[in-house]
Amino acid sequence: MSFDLLVKNANLPDGRTGVDIACRDGLIEAVEPGISADAGNIIDAGGKLVSPPFVDSHFHMDATLSLGLPRMNQSGTLLEGIALWGEFKEILTVEAVVERALKYCDLAVSQGLLAIRTHVDVCDDRLTGVEGLLEVREKVKPYIDLQLVAFPQDGLYRSPNAERNLLKALDMGVDIVGGIPHFERTMEDGARSVARLCEVAAERGLMVDMHCDETDDPMSRHIETLAFETQRLGLQGRVAGSHLTSMHSMDNYYVSKLLPLIAEADIHAIANPLINITLQGRHDTYPKRRGQTRVPEMRSYGINVAFGHDCVMDPWYSMGSGDMLEVASMGLHVAQMTSRDAIRYCYECVTSHPAKALGLEGYGVEEGCRADFVLLQARDTIEAIRLKATRLAVVKAGKVIATTPARQSQLELNGRPGSIDPADYAPNEG
């Protein structure tokens, strides 16, 4: 028997070690120790981690890599970022959107990031971002699963043509219905927008992913409405609430009511650690709020929590490199999830949990799954986050599409090793 690709001696995220992975015709045919077979390409993992690819459940690709255009965000706030984007999108071109998005997708592949859900602004009457990202989605289809969310950035009712544009974007082929209820002019309009957008999704058989309560205001409670509408319209499992940062300011008693409602509605919760630790709490002196939703508490209720990168070098965030391990690291630090089990959970928040939220089929390193995975310079998921591990090889459909040399430092120290691999400097424990 001959395979297209055979990976030998791999560790897996579930703790299995010394496993071989055999791939043929774009699928994983076997995951077991000691596979003896010919293969067109054989990779010795050397006891390093083979993981399913990273998944970014929340991004803004129409704005990525536009830092400084038309100017910098001086206050660092969400609202100035929105105002800046409003200025910039007036001069945006399809060609510029496509160029920057493809450049970011190159970076994503190098980081083992092979599935991205991106929100695209539909409040530009020209639908420039929509047109550009529909083109990008087709171009990157062989190597990135790219989902597009029709996002009324300026508010469904606050922006005069937003609903018309959103429906047109969906007709053009955008996948998912988005919203931003907390940015409407009144709480009532916000609740009304949630109901209308969920109805649109139900009518069209689409998923919903809504920017929800991205604010420090504890009275911003649109997630409650989203949970209700999800149940009313039978959308369970198809709805995500992104950000949910008002929850970090809410009264604990109210949250004790809210979390069961989210769990009952089977809503996916998407936190964005890098962005919200930066944008939230800007009006605080000290103590400063952390700016991240209640991840450990959601975990205890069985809510599917995913982490998103959100932005890379754009009007809202001047940093970022497409590294979902950096996202996971920030998430665990902000949430103080430092137990061994909690760190493993944070790894799942950038792999299997967002894959579930996006509805990705054939995801995982198991027999019958798509042959998409990443070889990391780490022995396990904890070490991968700690080291922001190098992606030694990125595999899509059983073919290696990116490689990076192993990180190794050369030393000139008397009586000490001549070189070190950071993955070798860790305690031998699970």
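FYI, it's all coordinate maths here, none of it is from the lab. All values reported here derive from a predicted model rather than from experimental measurement. Neighbour counts run over all protein chains shown; Cβ positions are idealised from the backbone, glycine included.
Phi angles of region 386-396 translate, via the Karplus equation with coefficients 6.51, -1.76, 1.60 and θ = phi - 60°, into HN-Hα couplings of 4, 8, 6, 4, 4, 8, 5, 8, 10, 10, 10 Hz per residue; Gly and Pro are given as x.
By DSSP, the beta bridges lying fully in the chain are antiparallel in about 40 percent of cases. Whole-Hz Karplus values for region 191-197 come out as 5, 5, 5, 4, 4, 5, 5 Hz, taken residue by residue from phi with 6.51 cos²θ - 1.76 cosθ + 1.60 and θ = phi - 60°; glycine and proline positions read x.
Report summary: the helix-based calculation at 222 nm, which adds -39500 (n - 2.57) for every DSSP H run with n ≥ 4 and divides by the residues of the chain, gives -10000 deg cm²/dmol. Using the Karplus relation 6.51 cos²θ - 1.76 cosθ + 1.60 with θ = phi - 60°, the per-residue 3J(HN,Hα) values for region 125-140 come to 4, 6, 6, 4, x, 4, 4, x, 6, 4, 5, 5, 4, 5, 5, 9 Hz, with x marking Gly and Pro. Summing charges over neighbours of Val334, with a neighbour being any other residue whose Cβ is under 13 Å away from its Cβ, gives +3 when K and R count +1 and D and E count -1.
Less than 5 angstrom separates the built amide H of Ile42 from those of Leu6, all sequence-distant by 5 or more or on a different chain. For Arg24, the residues 5 or more places off, or on other chains, whose built amide H falls under 5 Å of its own are Asp4, Glu29.
Against the chain, whose longest principal axis comes from its Cα atoms, helix 222-232 is set at around 80 degrees. Dipole magnitude for region 54-358: about 560 debye, using +1 per Lys or Arg Cβ and -1 per Asp or Glu Cβ, origin at the Cα centre. Close amide H contacts of Gln153 (hydrogens built in the peptide plane, cut-off under 5 Å, sequence separation of 5 or more or a different chain): Val122, Cys123.
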